[in-house]
Amino acid sequence: MTEILPSSVQRAPDGSYRVSDDRVLGGASLGNGSAWLVVKATGALQKVYSLKIDCDVFWSTVVTYGSSKHRVLVGLEPNERSPEERLGVPGGHVILAPVAPGSFEFYPGHQRHSFELPTRLFVCETVFVPRTGFDDPAVTYIVVDVSNEGTEVRELHVNAYTKLAGTTRKDIVASYDPALPGLVAHNESKPDWVRIVAATATPSGYQTMEHAAESYDPQNVPPLSNDTSTTGDITAALEVRLTIQPGGRQRVSFVHVFSEQGEAAARAIFDATKDVDRALEHTTAWYDKMTGPARILTPDKTINDGAYWAKVNMLRVIARYPHGIGFTNSPGSSPAVVGRDLAWFAYGCDYLDPDVSKAMLLRFAETQYESGKMPEWYSAVTGEVQDYGLNINDDTPLFILACAHHHRATGDFDFLVKIWPVICKAVDYILSQRDTHGLVVCTATGEGVYGIASWRNIIPHFTINGAVTEINSECYAALSTAAHLARDLAEAGSKGCGDLERSAATYAASAGHLREAINKHLLNPRNGMYLLNRGIDGKDRTDVTGDEVFPVMFDVAPPPVAFRIISRLNTPDFQTEGGLRTVSRRSPDYTPYRDVGLIGGVWPGLSFWYAFAAAKIYPDAMVRNLKAGYASYLRDPKIFNTIPGQFSEWFDGESLVNRGMRLSPWEPPRYLWAAVEGACGLTLHDLPKRVRVAPLMPSGWRWLGLSRLPLRGHELSYFVVRDQSKFRVFANAQLEVVGELEVFEADVTDQIERLDPDVVVLALRRGEERLVCIGSTLDVAYTYPVSLGTLIEGDRNYRVQLYNQGIGRWTDGETALGSELKNMALRIEAQSYALARLMPAE
């Protein structure tokens with residue numbers, strides 16, 4: 001196993017992360033419905049990308065802090081000094097640098113950078129984009145708070161320098177408008193591409209310049225010239241002077257706006273969003289609201305945190321592009337909506353915002369070719385469609401599976417009826433691509449995206465064609481699922497969907513034949529596992545890779561084969577402390593740092609697939625991969641090139657250093673899906689009315705739960721405890737369970753105040769009865785305080801029952817007024833649970 005250094009990241013009780021600013025290589029990536037913002041390791045803005053025009057519309061913004069009471073003295077003769085080295089520059093200043101390392105704090109919707117300047121000045125910079133839904137405009141904020149903890153009044157020059165062109169044409173012209181107050185700029189070649197750079201306090205100076213050496217010049221910095229005649233590839237500068245009394249605090253915010261619809265639109269956006277406090281308050285409230293549902297409750301805090309931040313990451317990348325709501329494969333640099341990524345995103349998004357899943361799937365359905373094939377991607381900006389010339393890959397079967405998952409998770413028959421013709425065409429197309437052995441075959445002969453029918457399609461100079469086990473496994477699942485969907489529609493009496501009984505029988509028979517063909521022709525008799533592929537040249541590729549998870553995940557593999565695969569991938573040459581390698585460390589092909597990590601790197605999404613596949617066979621492996629997959633984002637960011645709370649793309653298979661995107665859009669939804677349907681044991685059966693909870697708890701786990709999971713128009717909550725040899729399940733809905741089920745009417749957890757971050761709490765109501773479920777995430781016994789808040793009435797008597805795990809039954813506790821029970825404490829053993837039932841006393 002690779003040795004992992006201790007983390008420098010600290011987790012706050014509210015779930016945010018804090019790290020010293022000398023232990024990072026980058027800052028947060030934040031998005032809304034129109035813009036994508038990236039922050040540098042210095043705390044400066046790296047860029048702002050417009051989702052509407054597929055261009056960077058701002059590059060770096062640097063904020064500097066200066067003192068006019070200090071001057072730099074140099075040991076040169078007067079006639080040898082540069083202008084910046086001379087004293088007596090009116091209005092000039094010297095830049096102040098932090099006296100020691102500061103800290104970064106990462107929150108769902110914003111980032112804070114705090115540091116100390118000389119003379120006891122403390123600065124906190126808050127960076128964010130407004131987020132209240134999926135239609136927010138392209139606005140960014142840099143909020144500067146300065147506190148004076150010294151004994152003297154301090155004057156501070158706060159300068160902001162912003163590069164305006166980004167990746168647009170370098171033909172920017174700007175002018176100053178004191179009414180904003182700030183600069184208004186546009187491209188001469190695109191007059192409607194307008195930017196506003198403004199401050200919430202009246203600037204003492206402004207300027208446009210070709211270069212901004214003053215932003216890092218250690219010499220005496222002259223005042224801004226109030227001249228905007230410089231045009232082209234320019235930097236806009238604003239200066240605000242603050243006077244801070246001892247013990248006082250001052251604030252100034254810099255607001256950036258972009259609109260592709262002209263100056264009037266840009267000004268309207270600025271007027272509507274210039275209340276910075278309100279914007280941050282609403283952004284925070286939106287993330288709180290959106291991340292509230294689908295709360296994962298397990299004894300492992302890392303997995304719980306991973307599920308929470310998975311939701312945050314998903315919300316950051318969802319936007320309303322010119323061609324519909326969605327996300328792209330590389331936020332901030334690409335407008336491509338990739339079919340496989342969208343499908344897997346829907347699996348997770350069905351438990352976060354099902355309406356978004358529905359909109360994305362319906363939009364992607366519009367890209368279907370007449371043949372029935374689904375494309376590789378479409379451009380969210382232009383609508384362009386691309387398939388790289390492949391006759392088949394994973395996009396077509398995964399689209400069918402994603403539509404089925406959405407139907408099962410939501411029970412939305414209107415969606416199913418609408419999408420059914422698209423599914424039927426896709427199924428018929430899959431069937432048309434079979435060879436004489438009954439296997440689905442990719443006939444491409446190129447390399448990379450033009451010759452790889454696999455999720456690993458961007459390996460340079462590589463070809464995976466012919467009968468690919470991964471693709472055939474997905475096609476089997478798609479055919480089998482389509483048969484179930486046809487039965488669902490038939491049983492619901494849906495009209496206008498063709499002969500559903502015939503479709504169900506045909507698809508089911510075809511699925512069975514394909515499964516037989518896979519296990520006859522693609523199962524390697526030498527090792528009892530599957531071929532990577534049988535190429536169109538007739539040659540078998542016997543490489544054992546992480547792709548072996550697909551026949552397990554999609555129920556192609558017979559139980560002995562599935563066990564063999566999960567066991568093989570659970571060995572040290574595949575497993576790392578950061579997750580699963582794509583190929584064995586002992587393979588001659590192993591290149592851990594090259595080829596986008598697809599021949600030896602660690603892709604977290606593969607670990608999450610493995611976690612789901614392993615859940616029914618080896619639950620301990622499932623938990624280890626979920627935990628390792630998220631923990632890899634929390635190690636020392638400066639060493640591993642990660643951002644706390646962000647799901648990175650892929651890691652070097654040896655060093656476990658991130659070498660891909662610092663926020664990958666396709667990893668978070670797989671994590672949430674694997675946590676819900678793997679760790680928490682939720683199974684969506686073929687008929688939408690059936691939901692089964694059958695967790696296979698790993699060793700050491702005695703409890704788990706889910707809170708407010710969006711499911712079929714309601715929110716499902718349950719708490720499962722392992723009681724000796726059986727499960728006890730407490731839920732707010734009827735479920736199929738293995739063990740005993742108690743059904744309550746509602747989840748009332750929001751009426752309880754959790755006082756300790758090391759416990760999870762779920763409260764259920766049935767009539768006047770209340771059940772409080774508490775699970776510990778600590779590996780030691782501890783006494784936890786809990787405030788029942790408004791769960792019970794203070795002037796009413798209640799009888800308390802506590803569940804005794806040792807004897808497996810409820811025992812009578814206290815009978816007392818609610819006011820005496822509102823603040824209770826319960827002792828819980830290491831990673832164990834407590835159950836308290838409260839009923840009004842007669």
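The values are calculated or read from the model by the stated rules, or taken from the named source; none is laboratory data. Since this is a predicted model, take the numbers as computed values, not measurements. When we count neighbours, we look across all protein chains shown, and the Cβ atoms used for this are built from the backbone with ideal geometry, even at glycine. The protein model used for the area step is the full one, side chains on, heavy atoms only, and it has no ligands, DNA or RNA in it. Shrake-Rupley method; radii C 1.70, N 1.55, O 1.52, S 1.80 Å.
List pairs: first residue in segment 213-241 and within 23 Å of VAL144 (Cα to Cα), second residue open to solvent by less than 30 Å² (accessible area, probe 1.4 Å) and among the acidic types (Asp, Glu) anywhere in the structure, Cβ distance under 9 angstrom, at least six positions apart or on different chains.
Every condition considered, the pairs that remain are PRO223/GLU239; LEU224/GLU239.
I need a count of the residues in segment 246-266 that are open to solvent by 60 Å² or more (accessible area, probe 1.4 Å), outside any loop (DSSP other than H, G, I, E, B) and out of contact with any Leu (no Cβ under 8 Å at 6 or more places or on another chain).
Residues in segment 246-266 being open to solvent by 60 Å² or more (accessible area, probe 1.4 Å), outside any loop (DSSP other than H, G, I, E, B) and out of contact with any Leu (no Cβ under 8 Å at 6 or more places or on another chain): 4 in total.
When you check ARG754 against the structure, is it modelled with pLDDT of 95 or more and either surrounded by fewer than 22 Cβ atoms within 10 Å (Cβ to Cβ) or among the aromatic types (Phe, Trp, Tyr) (or both), yes or no?
Details: modelled with pLDDT of 95 or more: no; either surrounded by fewer than 22 Cβ atoms within 10 Å (Cβ to Cβ) or among the aromatic types (Phe, Trp, Tyr) (or both): yes.
When the stated conditions are applied, ARG754 does not pass them.
Restricting attention to segment 578-601, which residues are surrounded by fewer than 20 Cβ atoms within 10 Å (Cβ to Cβ), at pLDDT 95 or above and among the basic types (Lys, Arg)?
ARG585, ARG586
So, of the residues in segment 331-343 that are surrounded by 23 or more Cβ atoms within 10 Å (Cβ to Cβ) and hydrophobic (A, V, I, L, M, F, W, C), which turns out to be farthest from THR396 (Cα to Cα)?
Among those that are surrounded by 23 or more Cβ atoms within 10 Å (Cβ to Cβ) and hydrophobic (A, V, I, L, M, F, W, C), it is VAL337.
Condition check: surrounded by fewer than 17 Cβ atoms within 10 Å (Cβ to Cβ), out of contact with any His (no Cβ under 9 Å at 6 or more places or on another chain) and within 20 Å of ARG251 (Cα to Cα). Does PRO191 satisfy that? Please lay out each step first, then the result.
Numbers: surrounded by fewer than 17 Cβ atoms within 10 Å (Cβ to Cβ): yes; out of contact with any His (no Cβ under 9 Å at 6 or more places or on another chain): yes; within 20 Å of ARG251 (Cα to Cα): no.
When the stated conditions are applied, PRO191 does not pass them.
So PRO619 passes all but one of these: (1) open to solvent by 20 Å² or more (accessible area, probe 1.4 Å); (2) touching a helix residue (DSSP H, G or I) at 6+ places or on another chain (Cβ under 7 Å). Which condition number does it fail?
Result: PRO619 passes all but (2).
Among the residues of segment 363-389, write down those that are within 28 Å of the chain's Cα centre (by Cα), acidic (Asp, Glu) and within 20 Å of ILE423 (Cβ to Cβ).
The answer is GLU366, GLU376, ASP387.
Out of everything in segment 318-330 that is in contact with a Ser or Thr (Cβ under 9 Å, 6 or more places away or on another chain) and under 18 Å from GLU260 (Cβ atoms), what residue ends up being surrounded by the most Cβ atoms within 10 Å (Cβ to Cβ)?
Filtering segment 318-330 for residues that are in contact with a Ser or Thr (Cβ under 9 Å, 6 or more places away or on another chain) and under 18 Å from GLU260 (Cβ atoms), the one surrounded by the most Cβ atoms within 10 Å (Cβ to Cβ) comes out as THR328.
Going residue by residue through segment 177-188, is there one that turns out to be outside any loop (DSSP other than H, G, I, E, B), over 18 Å from VAL63 (Cβ atoms), open to solvent by less than 10 Å² (accessible area, probe 1.4 Å) and in contact with a Gly (Cβ under 9 Å, 6 or more places away or on another chain)?
Checked against the condition, which is being outside any loop (DSSP other than H, G, I, E, B), over 18 Å from VAL63 (Cβ atoms), open to solvent by less than 10 Å² (accessible area, probe 1.4 Å) and in contact with a Gly (Cβ under 9 Å, 6 or more places away or on another chain), segment 177-188 yields no hits at all.
Just the residues that are touching a residue at least 24 places away in the same chain (Cβ under 8 Å), in a strand (DSSP E or B) and open to solvent by 10 Å² or more (accessible area, probe 1.4 Å), please, taken from segment 35-63. Even if it seems obvious, please write down each step before you answer.
Keep residues of segment 35-63 that are touching a residue at least 24 places away in the same chain (Cβ under 8 Å), which gives 35-39, 43, 45, 47-63.
Pick out the ones that are also in a strand (DSSP E or B) and you get 35-39, 45, 47-50, 55-58, 61-63.
Selection gives TRP36, VAL38, LYS47, CYS55, ASP56, VAL62, VAL63.
Within segment 788-806, is even one residue in contact with a strand residue (DSSP E or B) (Cβ under 6 Å, 6 or more places away or on another chain) and free of Cβ contacts under 8 Å to residues at least 24 places away in the same chain?
Yes, because at least one residue in segment 788-806 is in contact with a strand residue (DSSP E or B) (Cβ under 6 Å, 6 or more places away or on another chain) and free of Cβ contacts under 8 Å to residues at least 24 places away in the same chain.
Identify the single condition in (1) touching a strand residue (DSSP E or B) at 6+ places or on another chain (Cβ under 9 Å); (2) surrounded by 18 or more Cβ atoms within 10 Å (Cβ to Cβ) that THR443 does not satisfy, given that it satisfies every other one.
Just one mismatch for THR443, condition (2).
Exactly one of (1) open to solvent by 10 Å² or more (accessible area, probe 1.4 Å); (2) within 30 Å of ALA12 (Cβ to Cβ); (3) within 33 Å of the chain's Cα centre (by Cα) is unmet by ARG722. Its number?
The failed condition is (2).
Hey, any hits in segment 822-831 for a residue that's open to solvent by 70 Å² or more (accessible area, probe 1.4 Å), modelled with pLDDT under 90 and either touching a helix residue (DSSP H, G or I) at 6+ places or on another chain (Cβ under 6 Å) or part of a strand (DSSP E or B) (or both)?
no
Of the residues ASN519, ASN524, only one is in contact with a Phe, Trp or Tyr (Cβ under 8 Å, 6 or more places away or on another chain), open to solvent by 10 Å² or more (accessible area, probe 1.4 Å) and under 27 Å from TYR618 (Cα atoms); which? Lay out the reasoning, then the answer.
Values: ASN519 fails: in contact with a Phe, Trp or Tyr (Cβ under 8 Å, 6 or more places away or on another chain).
None of the other options fit; the residue is ASN524.
Check TRP650, TRP673 and return the single one that is more than 23 Å from LYS301 (Cβ to Cβ), of a type in the set (A, V, I, L, M, F, W, C) and touching a residue at least 24 places away in the same chain (Cβ under 8 Å).
Details: TRP673 fails: more than 23 Å from LYS301 (Cβ to Cβ).
It is TRP650.
From the residues in segment 225-245 that are among the hydroxyl-bearing types (Ser, Thr, Tyr) and in a strand (DSSP E or B), which one is surrounded by the fewest Cβ atoms within 10 Å (Cβ to Cβ)? Lay out the reasoning, then the answer.
Just the residues of segment 225-245 that are among the hydroxyl-bearing types (Ser, Thr, Tyr), to begin with: 225, 228-231, 235, 243.
Going one step further and asking which of them are in a strand (DSSP E or B), we end up with 235, 243.
On the way: THR235: 25, THR243: 11.
Ranking the candidates gives THR243 first.
Within the set of pairs 6 or more residues apart or between chains, which connect a residue that is at pLDDT below 95 inside segment 565-577 to a residue that is surrounded by fewer than 16 Cβ atoms within 10 Å (Cβ to Cβ) and not polar (S, T, N, Q) with Cβ atoms less than 9 Å apart?
GLU577/MET1; GLU577/GLU3
Would you kindly identify the helices (runs of 4 or more DSSP H) lying entirely within segment 390-491 that contain at least 1 residues that are under 25 Å from the mean Cα position of the chain (by Cα)? Write out each step before concluding.
Working: elements: 395-410, 413-432, 469-491.
Answer list for segment 390-491: 395-410, 469-491.
Take the residues in segment 276-312 that are surrounded by fewer than 15 Cβ atoms within 10 Å (Cβ to Cβ) and either of a type in the set (D, E, K, R) or touching a residue at least 60 places away in the same chain (Cβ under 8 Å) (or both); name whichever of them is nearest to ALA409 (Cα to Cα).
Here the residue is GLY292.
Using the structure shown, decide if ALA557 is free of Cβ contacts under 8 Å to residues at least 60 places away in the same chain, in a loop (DSSP other than H, G, I, E, B), surrounded by 17 or more Cβ atoms within 10 Å (Cβ to Cβ) and not hydroxyl-bearing (Ser, Thr, Tyr). Before the answer, list the steps.
Details: free of Cβ contacts under 8 Å to residues at least 60 places away in the same chain: yes; in a loop (DSSP other than H, G, I, E, B): yes; surrounded by 17 or more Cβ atoms within 10 Å (Cβ to Cβ): yes; not hydroxyl-bearing (Ser, Thr, Tyr): yes.
In short, yes.
Please tell me if VAL737 is open to solvent by less than 20 Å² (accessible area, probe 1.4 Å) and β-branched (Val, Ile, Thr).
Working: open to solvent by less than 20 Å² (accessible area, probe 1.4 Å): no; β-branched (Val, Ile, Thr): yes.
For VAL737, the condition - open to solvent by less than 20 Å² (accessible area, probe 1.4 Å) and β-branched (Val, Ile, Thr) - is not met.
Quick one: is ALA426 open to solvent by less than 20 Å² (accessible area, probe 1.4 Å), closer than 22 Å to GLY538 by Cα and of a type in the set (A, V, I, L, M, F, W, C)?
Numbers: open to solvent by less than 20 Å² (accessible area, probe 1.4 Å): yes; closer than 22 Å to GLY538 by Cα: no; of a type in the set (A, V, I, L, M, F, W, C): yes.
No.
Tell me the residue from ASP355, ASP288, ASP341 that is part of a helix (DSSP H, G or I) and closer than 20 Å to TRP650 by Cα, please. Spell out the reasoning first.
Numbers: ASP355 fails: closer than 20 Å to TRP650 by Cα; ASP288 fails: closer than 20 Å to TRP650 by Cα.
Checking each option against the conditions leaves just ASP341.
Kindly indicate which of GLY713, GLY700, GLY681, GLY767 is of a type in the set (Gly, Ala, Ser) and either without any contact (Cβ under 8 Å) to a residue 12 or more places away in the chain or buried (at least 16 other Cβ atoms within 10 Å of the Cβ) (or both). Working first, answer last.
Working: GLY713 fails: either without any contact (Cβ under 8 Å) to a residue 12 or more places away in the chain or buried (at least 16 other Cβ atoms within 10 Å of the Cβ) (or both); GLY700 fails: either without any contact (Cβ under 8 Å) to a residue 12 or more places away in the chain or buried (at least 16 other Cβ atoms within 10 Å of the Cβ) (or both); GLY767 fails: either without any contact (Cβ under 8 Å) to a residue 12 or more places away in the chain or buried (at least 16 other Cβ atoms within 10 Å of the Cβ) (or both).
Checking each option against the conditions leaves just GLY681.
How many residues does segment 358-389 contain that are surrounded by fewer than 20 Cβ atoms within 10 Å (Cβ to Cβ), in contact with a strand residue (DSSP E or B) (Cβ under 9 Å, 6 or more places away or on another chain), in a helix (DSSP H, G or I) and of a type in the set (A, V, I, L, M, F, W, C)?
2
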